[in-house]
1. Tell me, Arg224, Arg16, Arg289 in order of fewest to most beta-carbon neighbours within 10 Å?
2. For the chain, what does -39500 (n - 2.57) per DSSP helix run (n ≥ 4), summed and divided by total residues, give at 222 nm, in deg cm²/dmol to the nearest 500?
3. Taking the C-alpha atoms of the stretch 167-289, how large are the radius of gyration and the largest Cα-Cα span, Dmax, in Å?
4. Name the GluC sites (Glu not before Pro) in the stretch 89-194 that are in a loop by DSSP and that have at most 16 other C-beta atoms within 10 Å, would you?
5. By counting other Cβ atoms within 10 Å of each Cβ, how are Asp188, Asp52, Asp171 ranked from fewest to most?
6. Of the DSSP beta bridges with both residues in the chain, give the percent that are antiparallel, rounding to the nearest 5.
7. Quick one: what are the phi-derived ³J(HN,Hα) couplings along the stretch 16-26, Karplus 6.51/-1.76/1.60 with θ = phi - 60°, whole Hz, x for glycine and proline?
8. If contacts are Cα pairs under 8 angstrom and at least 6 residues apart, what is the relative contact order of the chain in percent?
Amino acid sequence: MDTPTAPKAGAMLHLRGNTLSEGDPVALPLTQSSMYHLPGDWSGGPSYGRADNATWEHLEHVLAYLEDAPVLAYPSGMAAISASLFACVKAGSRILIPSDGYYVTRRLSERFLAQLGVEVDQRPSASFAEGGFAGYDVVFAETPSNPGLELCDLRAVSQEVHAAGGILIVDNTTMTPLGQRPLELGADVVVASDTKAPGGHSDVLMGHLATRNPDILQAAREWRQFGGGIPGPQEAWLAHRGLETLELRFDRMCNTAEILAERLAAHPKVGEVRYPGLPQDPAHALAKRQMARFGFLISLTLDSAEQADAFINGCPLLRAATSFGGVHSSAERRARWGDDVAPGFVRLSVGTEPVEELWSAIAASLDALDS
Ligand SMILES: *Cc1c(COP(=O)(O)O)cnc(C)c1O
């Protein structure tokens, strides 16, 4: 059966093709120019490379098609997240961010927003709505959270945030627009790191912001243009190339993760496994309601940091690396970055290797651990 967004993924591949004239290149041209030919008065076209670039505009066009909303591209996920926050806060604002989400969002908020007079509060994703949202101008959610894979109920949260007069921003990196649609669930702004599954080949950093709110869109565009943090044309080209196979890769990765999560949960050397697709996962009922797929990230806890390292480094089909979403399966022991997780906690990013070949390698590495 097609995943809910799969028909769009087919049309996405032909978005540009259906506009071509005879002799136009089928592949996206790379516009590598800081200057544009501008004789006489400016009439509104491309003016300068910090404001306009045809390659990143096409990447935005494709992402906008997937998000069903206007999109701005940024040179990294953090650049998109900064744009979303700086577009929405002012001195005196109160914001709420997850205590267990991507750690750089917390560091950015504590390091730079707090000194501008923004009050920053944190809450765990699993109990994000507890305490309500009264008094918050901006609520920033991440679900499933990285790395703990905790979920929060986006429909319920967005209703409460809006009732309290706030704006909801959702980091959708772990799911991509194919796996979860926060704007449909009520979010005002979606941000994502396209460095992960959309790029998919671990060779480019990119990010985007999607919103149907024209004021936020304008502010986020000006933040990029005046702040100067713009995507490079070559990087935008690579991200666009990655997007063309996102549906194919994401489908394989999610299917494989569903199978691996079951087997990992049953393996005697593995302690707790978190995967939203497991029927026994505490977030499974919510995952079924709000996600189109269960994703390609699995967390598993082994007995110790040593066991976690031995598992990762002993498996020839796992890259020991931070970041996730690439064609190569990868894994890392998150405690090495100070995440609030058990020493033997491993975040596994399932890649596109054939499922039985990957499972054989993972099982062999687990079986080889000392009991
Ligand atoms: C990786 C990541 C980011 C940051 O993205 P970069 O492209 O590395 O800047 C933000 N949020 C989440 C959930 C991430 O996993």
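1. Listing Arg224, Arg16, Arg289 from fewest to most nearby Cβ atoms yields Arg289, Arg16, Arg224.
2. Counting only the DSSP helices, I get -10500 deg cm²/dmol.
3. 17.4, 55
4. On the way: sites: Glu110, Glu119, Glu130, Glu142, Glu150, Glu160, Glu184; in loops: Glu130, Glu150, Glu184.
Hits after loop and neighbour filter: Glu130, Glu184.
5. Details: Asp188 22, Asp52 16, Asp171 28.
Ordered from fewest to most neighbouring Cβ atoms within 10 Å, Asp188, Asp52, Asp171 come out as Asp52, Asp188, Asp171.
6. 55 percent
7. For the stretch 16-26, the Karplus-derived couplings read 7, x, 6, 10, 7, 9, 3, x, 5, x, 6 Hz, x marking Gly and Pro.
8. Details: 720 pairs, mean separation 58.2, N = 371.
For the chain, the relative contact order is 16 percent.
Here, each number is a calculation from the coordinates, and none is a lab measurement. Just so it is clear, the model here is predicted, and its values are computed rather than measured. Here Cβ is always computed from backbone atoms with ideal geometry, including for glycine, and neighbour counts include all displayed protein chains.
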